[in-house]
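Undergrad: Questions regarding the structure given below will be posed in turn.
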Amino acid sequence: MIAGLALACTEAFTSSSSELAAGLQKETRDIERRLRQSFRIGMGSVILSLEKAMQQFGQPNWDGYNALPVSEETHWAAERFLRQLPLNVPLPTVGAEPDGDLTLEWYRGPYRTLSVSINAHGAIHFSALLGQTESCGTIEFSDDVSPDILQLIRRVYAA
């Protein structure tokens with residue numbers, strides 16, 4: 001009888017623990033869904049900025065000084081880069097370079113800025129000013145955003 005009572009209590013505890021765990025899982029999924037949705041809204045505005053950049057900078061001599069046009073390949077490379085950013089990374093502003101590269105910029109102030117230029121071949125040129133520290137280089141973009149670039153973005157917004 002005592003064993004039966006213990007078994008009944010264990011089953012009731014397991015059942016309510018399972019219900020609690022299921023509720024927490026559902027709540028976690030809902031929060032993640034809302035977070036992804038808000039990120040997509042923000043990402044949508046950056047993607048729209050890419051589209052506007054293509055209209056504004058897609059023609060030769062767009063700056064009046066013989067600038068090269070931004071190509072469709074460059075546009076798609078930049079969009080692919082943006083879509084690979086983790087959810088917790090602030091989104092950049094979009095610009096263009098006279099050599100036809102698209103520029104993504106994370107700016108918090110004159111001494112807290114990162115500029116990432118992406119070309120049609122997937123090369124990423126970056127330059128950061130973080131306080132008194134400068135960092136620059138070139139990396140190839142594959143399927144993931146470089147951890148070095150992610151670290152620089154985080155450092156732009158660090159306290």
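Undergrad: Cβ-Cβ below 6 Å, separation at least six or inter-chain, first residue in segment 132-148 and over 18 Å from Leu102 (Cβ atoms), second assigned to a strand (DSSP E or B): which pairs?
TA: From segment 132-148, the pairs are Ser135/Ala128.
Undergrad: Please find, among Leu35, Leu85, Leu104, Leu114, the residue that is outside any loop (DSSP other than H, G, I, E, B) and at pLDDT below 95.
TA: Working: Leu85 fails: outside any loop (DSSP other than H, G, I, E, B); Leu104 fails: at pLDDT below 95; Leu114 fails: at pLDDT below 95.
Being outside any loop (DSSP other than H, G, I, E, B) and at pLDDT below 95 holds for just one of Leu35, Leu85, Leu104, Leu114, which is Leu35.
Undergrad: Given the conditions (1) closer than 30 Å to Glu73 by Cα; (2) surrounded by 10 or more Cβ atoms within 10 Å (Cβ to Cβ); (3) modelled with pLDDT under 80, report the number of the one that Ile41 does not fulfil.
TA: Every listed condition holds for Ile41 apart from (2).
Rundown of residues vs (1) among the acidic types (Asp, Glu); (2) more than 27 Å from Pro147 (Cα to Cα); (3) in contact with a helix residue (DSSP H, G or I) (Cβ under 8 Å, 6 or more places away or on another chain); (4) surrounded by 13 or more Cβ atoms within 10 Å (Cβ to Cβ), yes/no style:
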position: Ser45; (1), (2), (3), (4): no, no, no, no
position: Ser49; (1), (2), (3), (4): no, no, no, yes
position: Asn66; (1), (2), (3), (4): no, yes, no, no
position: Thr74; (1), (2), (3), (4): no, no, no, yes
position: Phe81; (1), (2), (3), (4): no, no, no, yes
position: Pro86; (1), (2), (3), (4): no, no, yes, no
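Undergrad: Report, by residue number, each residue of segment 120-153 that is assigned to a loop (DSSP other than H, G, I, E, B) and either closer than 22 Å to Val70 by Cα or of a type in the set (Asp, Glu) (or both).
TA: We begin by selecting, within segment 120-153, every residue assigned to a loop (DSSP other than H, G, I, E, B); these are 120-122, 131-132, 141-146.
Passing the criteria: Ala120, His121, Gly122, Phe141, Ser142, Asp143, Asp144, Val145.
Undergrad: So which of Leu20, Leu91, Leu7 is closer than 30 Å to Thr113 by Cβ and either surrounded by 10 or more Cβ atoms within 10 Å (Cβ to Cβ) or modelled with pLDDT of 95 or more (or both)? Explain how you work it out, then say what you get.
TA: Working: Leu20 fails: closer than 30 Å to Thr113 by Cβ; Leu7 fails: closer than 30 Å to Thr113 by Cβ.
After applying the criteria, what remains is Leu91.
The values are calculated or read from the model by the stated rules, or taken from the named source; none is laboratory data. Small disclaimer: the values here were computed from a predicted structure and weren't measured. So basically every Cβ, Gly included, is an ideal-geometry build from the backbone, and we count neighbours across all protein chains shown.
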